[in-house]
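The structure appears below as structure tokens.
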Amino acid sequence: MVLAISTVSKAQPSTAPSNKIAISWSCGPDLPQGFQDSTAGILDGYLLTVGGFCQGQKDVPGKLDKYPRGFLKKAWGLKLDDPAGKWETLPDFPGAARQELFGVVAPGGFYCWGGFSYENPLTYKDGYRLSITNGQWQWEKLPDLPWPICSAGIVSIGSKIYVVGGSQYDGNGFYTQAGPLGDVERVGSRLMVLDTADLSAGWQQLPPCPGTPRWSFSTTAVDGNIYVIGGGSGNDNSTGSYCSIVDNWVYDTAKNEWTRLADLPVSSGNFSAGPVVFDCRYILLIGGYQYPKVLNPDGSVRVAYGHASKHYPTPHEYFSDVFVYDIKSGEFGASTPLPLNNNRAAAVVEKGRLYIIGGETGGAVIDGEHYGHHPELLLEGDIRMAKP
């Protein structure tokens, strides 16, 4: 069904130019509970979500304490070709409950690593693979990451899985310049690869990204290239606070080299994580957050710039933009905005359809139902070429 929004006000236009694609929004089956910072993928016709965090939904009228507060190790799947499909409970994630883990579909299943929680060791490096055989779902242990990280970028190209950037959490803050013990230099720019055809070989390190170390950014693979766009810094910089990252990069896996792309036209970030490219050309940069400062690759700081848009005003500084990066032209644009303000949702695109799972919102009423800070909302978008 096409969704109906109870709030009348519309998002203001962004400072980015219009683009060639548009999105029609609708609601899918509600998630089993509300959360943010899960990881998502599509495997064997199932939309998967694993892990995350829920604050308890105390901000939703009539839903007080409906969901317990805490980190999740839950996994759910939705069969996409079933019109009456509902979320199915899958085996729990084998590791500790956590948020900001990162996963990708590659040969053999859905591969997940990392994340953080408030329990020791705080930031994780363990990984597991979810697969289905004869209708039975199962988890298997994977080689650990070389160091613990959360909210890294992850993509798959052929049999290989690449992980870039991320941060480490020590209970006081998040670190992208160096780990809390100083033992991983520029942790938010490191690049590594694992070949699923030879898991015993473990992770291999590749040339790190020359740009600003980051976490919570868009990472997409197209035609053997890995695109790293936006994100945020840890609070281990000269300001002592989080900053937006606007320098963007592409890594050519064949040439083994990085090239800088155009900077973001708006200093927004915290874009939805997941494989979100349309027509092997347009990378979608969904929702997010604009920090007061921008951190540059040389460590200098400047003020935020550009206009990040809201669907309607809320006290939370989350945004409704859907920016677009055109791989062929190298230009940024903007597509149809979200019908709510959202930050750090999981997202997947397949066959021209966008799936956005949960997130961190300022609240919204959609089709007469109130969704809170961590919504049990599956938002779907049909992507198409826009009319001239």
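The values are calculated or read from the model by the stated rules, or taken from the named source; none is laboratory data. The model shown is predicted, which means the values in this text are computed figures rather than measured ones. Glycine gets a Cβ as well: all are built from the backbone with ideal geometry, and neighbour counts include every protein chain shown.
Overview of values
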{"item": "All positions within region 70-112 that are out of contact with any Cys (no Cβ under 9 Å at 6 or more places or on another chain), under 21 Å from Ser156 (Cα atoms) and not small (Gly, Ala, Ser)", "result": "Val105, Pro107, Phe110, Tyr111, Cys112"}
{"item": "Members of region 108-154 that are touching a helix residue (DSSP H, G or I) at 6+ places or on another chain (Cβ under 6 Å) and under 21 Å from Ser218 (Cβ atoms)", "result": "none"}
{"item": "Unmet requirement for Val294, which otherwise passes all of (1) of a type in the set (Val, Ile, Thr); (2) assigned to a loop (DSSP other than H, G, I, E, B); (3) in contact with a Cys (Cβ under 7 Å, 6 or more places away or on another chain)", "result": "(2)"}
{"item": "Residues of region 113-164 classified as crowded, with 19+ Cβ neighbours inside 10 Å, part of a loop (DSSP other than H, G, I, E, B) and either among the hydrophobic types (A, V, I, L, M, F, W, C) or in contact with a Ser or Thr (Cβ under 6 Å, 6 or more places away or on another chain) (or both), total", "result": "5"}
{"item": "Residue ID - surrounded by the most Cβ atoms within 10 Å (Cβ to Cβ), chosen from residues in region 235-255 that are more than 19 Å from Phe217 (Cα to Cα) and in contact with a strand residue (DSSP E or B) (Cβ under 7 Å, 6 or more places away or on another chain)", "result": "Thr253"}
{"item": "Among (1) within 30 Å of Tyr175 (Cα to Cα); (2) aliphatic (A, V, I, L, M); (3) assigned to a loop (DSSP other than H, G, I, E, B), the one test that Ala84 misses", "result": "(1)"}
{"item": "Residue pairs meeting the criteria (Cβ under 7 Å; at least 6 apart or on separate chains; first closer than 17 Å to Ser151 by Cα, in region 88-108; second surrounded by fewer than 22 Cβ atoms within 10 Å (Cβ to Cβ) and β-branched (Val, Ile, Thr))", "result": "Val105/Ile42"}
{"item": "For Val348: the one exception among (1) under 15 Å from the mean Cα position of the chain (by Cα); (2) buried (at least 24 other Cβ atoms within 10 Å of the Cβ)", "result": "(2)"}
{"item": "Residues being at pLDDT 95 or above and under 16 Å from the mean Cα position of the chain (by Cα) - total across region 287-312", "result": "0"}
{"item": "Filter result for His307 (out of contact with any Phe, Trp or Tyr (no Cβ under 8 Å at 6 or more places or on another chain) and under 16 Å from Glu360 (Cα atoms))", "result": "no"}
{"item": "Selection status of Arg302, free of Cβ contacts under 8 Å to residues at least 12 places away in the same chain and more than 28 Å from His373 (Cβ to Cβ)", "result": "yes"}
{"item": "Every residue from region 235-259 that is under 20 Å from the mean Cα position of the chain (by Cα), modelled with pLDDT of 95 or more, over 15 Å from Ile283 (Cα atoms) and not hydroxyl-bearing (Ser, Thr, Tyr)", "result": "Cys243, Ile245, Val246, Asp247"}
{"item": "Residue list for region 185-224, restricted to those being among the aliphatic types (A, V, I, L, M), touching a residue at least 12 places away in the same chain (Cβ under 8 Å) and within 28 Å of Lys141 (Cβ to Cβ)", "result": "Val187, Leu191, Met192, Val193, Leu194, Ala197, Leu199, Leu206, Ala221"}
{"item": "Positions within region 364-388 being part of a loop (DSSP other than H, G, I, E, B) and surrounded by 18 or more Cβ atoms within 10 Å (Cβ to Cβ), in sequence order", "result": "Gly372, His373, His374, Pro375, Glu376, Leu377"}
